[in-house]
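Data first, discussion second: the structure below is written as structure tokens.
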Amino acid sequence: MKTKIYSLLIALLMVLGMGTVTVATASDFATDVNMNHPLAGLRPAMDFRGRYPALLKSMRAGHVYSISPDNVQRYGYPTLGKYNGQVYWMVPVQFYTLGGDTSYQQLSDDGRPLPRISRSRYSASRQTTDAYACVRNGVVEHWIYKISKAPIR
């Protein structure tokens, strides 16, 4: 009988939100609710479609060629991290990688090249790659691979 009462009481406390303790672990340097970091600036904001406008602006400006808004599978939540000794908001990006280049170019009878025919498609396995966008003060400064931390071109 006592176990039923205790389990009911614990369930009631959990439903009311009084039975859990949450710890904010975002950063030791975070100063306010908006997550304003003194070195990295404001945390990048996600729009209503689940994308980050700063990252889209960087992709469309041509700062990175292997990632486009069309081949992004999903965006993660920004966390603070260091790259090259600087503090950034690191926004994880998971994107599809294409298979090998299967485009070819035919030659006409007199040797002139004809327009390229591209047969490149997503690979059959739809492989994904993880990357970080290093954002400071609302601007993407670097694109790096998640594991190797090598820059993405």
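FYI, it's all coordinate maths here, none of it is from the lab. Computed from a predicted model, the values in this text were never measured in an experiment. FYI the Cβ positions are ideal-geometry reconstructions off the backbone, even for glycines, and counts take in every protein chain you see.
Once backbone amide H atoms are built at 1.01 Å from N, His142 has Cys134 as its partners under 5 Å, excluding neighbours fewer than 5 places away on the same chain. Amide H to amide H distances under 5 Å link His37 with Leu42, Arg43, where only residues 5 or more positions off or on other chains count and H is placed in the peptide plane. Per-residue Karplus couplings for region 48-53, computed as 6.51 cos²θ - 1.76 cosθ + 1.60 with θ equal to phi - 60°, are listed in order as 5, 8, x, 10, 10, x Hz, Gly and Pro entered as x.
Each peptide among 57-64, 40-47 gets the average number of other Cβ atoms lying within 10 Å of its residues, and from highest to lowest they stand as 40-47, 57-64. Each residue of region 148-153 was assigned a 3J(HN,Hα) from its phi angle through the Karplus expression (A = 6.51, B = -1.76, C = 1.60, θ = phi - 60°), giving 7, 6, 7, x, 9, 8 Hz with x at Gly and Pro. Computed over neighbours whose Cβ is under 12 Å from that of Tyr83, the net charge equals +3, Lys and Arg +1, Asp and Glu -1.
Amide H to amide H, with H built 1.01 Å from N, Leu80 comes under 5 Å of Met90, counting only residues 5 or more places away or on other chains.
Per residue of region 65-74, in order, report the coupling 6.51 cos²θ - 1.76 cosθ + 1.60 (Karplus, θ = phi - 60°) as ³J(HN,Hα) in whole Hz, putting x for Gly and Pro. With coefficients 6.51, -1.76 and 1.60, one gets 9, 7, 10, 10, x, 6, 9, 7, 7, 7 Hz.
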